[in-house]
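Working notes, structure below.
The values are calculated or read from the model by the stated rules, or taken from the named source; none is laboratory data. Given the structure is predicted, the values throughout are model-derived calculations rather than measurements. Reconstructed Cβ throughout: ideal geometry from the backbone, glycine too, with neighbour counts over all protein chains shown.
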Amino acid sequence: MKQFVGGFALLLLMATLPAMAQTPVRIGVLKLSSSAPVFIAYDRGYFKAQGLDVTLTFFDAAQPVAVAAAAGDIDIGVTAFTAGLFNVAGKGAVTVVAGQSREQPGYPLIGYFATAAAYRAGLQKPADLAGRRVAITQAGSSFHYALGLLAAKEHFALASVHLLPLQSLSNIASALKGGRVDGALLPVTTALPLMAEGDIKLLGWVGDETPWPLGAVFVSHDMKQHRDRIAKFLTAYRQGTRDYHDRLLASVTKGRAQINETTLPLITSISRYTGLKPAQIVVGLSYIDRDGMLDVGGVAKQLAWFQEHHFVDAGFGINAVVDKSFGFAR
């Protein structure tokens, strides 16, 4: 009997060891389909398999994610590049370790949009944004950079655009619905419900006009001291990027992913965290590299643009921002 009790106690202890060994990791993301690899890795148990007890913290704009990581409120951020991210990275408060989404032709991610009234009044293509009231999240955001690339391509002065930094995606959506702006940049995840209701008109996709690497995985200063945890996170994250790329993106036909037994679990994960219906998700899948690789050259161009326009402090280069040693940068 004593042997039975002792053996049972040992089995019980062994069963609880994996849970006891889980390391807490706080991840900051936006409720967008571009965060899909994180959602997939979370739901499919990839983080837990690496011994990580992940908590997802959601934000309504990219720049606050970098601020939270710099302050130590989160350990890892997965979102778009912003002036705020570059500034805190230049000071050593965060470090970029991998890539996220990319603006790529044929893959909708961020779009240029007009209100229905402004569209009827002639705002019908991206170049028409010159001289208009255009909502973005923050000055120095990825939206700001996208407009800068568009201005250079279409040969109009970026200063001619009346930018309204409204701080969050929900504020931009509200301003569009209320007609307080002429147009805006929005991620497809946020824009699809507004398009379905007829509140806004699509002018074009940033990826078709000016492709560039949009997002990244970055870690806080404190987290960088735990290379083993970062490596474990990136292993699970890469499993998520490969599922997303090999199953969802591979199923896209004529701009729409297929819903079948292979893709449905992934679509369900994206729906759970974005609030979008599957029918909306399958027409709004952004491009994400299969291995989560970061285009360092493209990021260096962004850094130079933000520094040239005085959104980012001068005096440091891309090597102060990116750590290539984890094998996720090319």
Under the condition of being touching a residue at least 24 places away in the same chain (Cβ under 8 Å) and in a loop (DSSP other than H, G, I, E, B), which residue from the stretch 37-70 is surrounded by the most Cβ atoms within 10 Å (Cβ to Cβ)?
Ala62
What are the pairs with Cβ atoms under 9 angstrom where one residue, in the stretch 116-130, is within 14 Å of Ala184 (Cβ to Cβ) and the other, located anywhere, is assigned to a helix (DSSP H, G or I) and basic (Lys, Arg)? Sequence gap at least six, or different chains.
Pro126/Lys153
Examine the stretch 261-274 for a residue that is within 20 Å of the chain's Cα centre (by Cα), at pLDDT 95 or above and part of a loop (DSSP other than H, G, I, E, B), and state whether such a residue exists.
no
Select from the stretch 281-326 the residues that are without any contact (Cβ under 8 Å) to a residue 40 or more places away in the chain and not polar (S, T, N, Q) and list them in ascending order.
Val282, Val296, Gly297, Ala300, Ala304, Glu308, His310, Ala314, Gly317, Ile318, Lys324
Counting only residues that are more than 15 Å from Leu214 (Cα to Cα) and either touching a Phe, Trp or Tyr at 6+ places or on another chain (Cβ under 8 Å) or outside any loop (DSSP other than H, G, I, E, B) (or both), which one in the stretch 275-296 is modelled with the highest pLDDT?
Asp291
Please state which one of Gly84, Gly111, Gly106, Gly51 is more than 14 Å from the chain's Cα centre (by Cα) and modelled with pLDDT under 95.
Gly106
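Would you point out the residue of the stretch 297-330, among those that are in a loop (DSSP other than H, G, I, E, B) and of a type in the set (Asp, Glu), that is surrounded by the most Cβ atoms within 10 Å (Cβ to Cβ)? Talk me through it step by step, then tell me what you get.
Restricting attention to the stretch 297-330, the residues satisfying the condition of being in a loop (DSSP other than H, G, I, E, B) are 309-317, 321, 323, 327-328, 330.
Next, from what is left, pick out any that are of a type in the set (Asp, Glu): 313, 323.
On the way: Asp313: 13, Asp323: 19.
Across the stretch 297-330, the extreme among qualifying residues is Asp323.
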Taking interchain pairs and intrachain pairs at least six residues apart, which have beta carbon atoms under 8 angstrom, with the first residue in the stretch 239-266 and in contact (Cβ under 8 Å) with a residue 60 or more places away in the chain and the second surrounded by fewer than 17 Cβ atoms within 10 Å (Cβ to Cβ) and among the aromatic types (Phe, Trp, Tyr)?
none
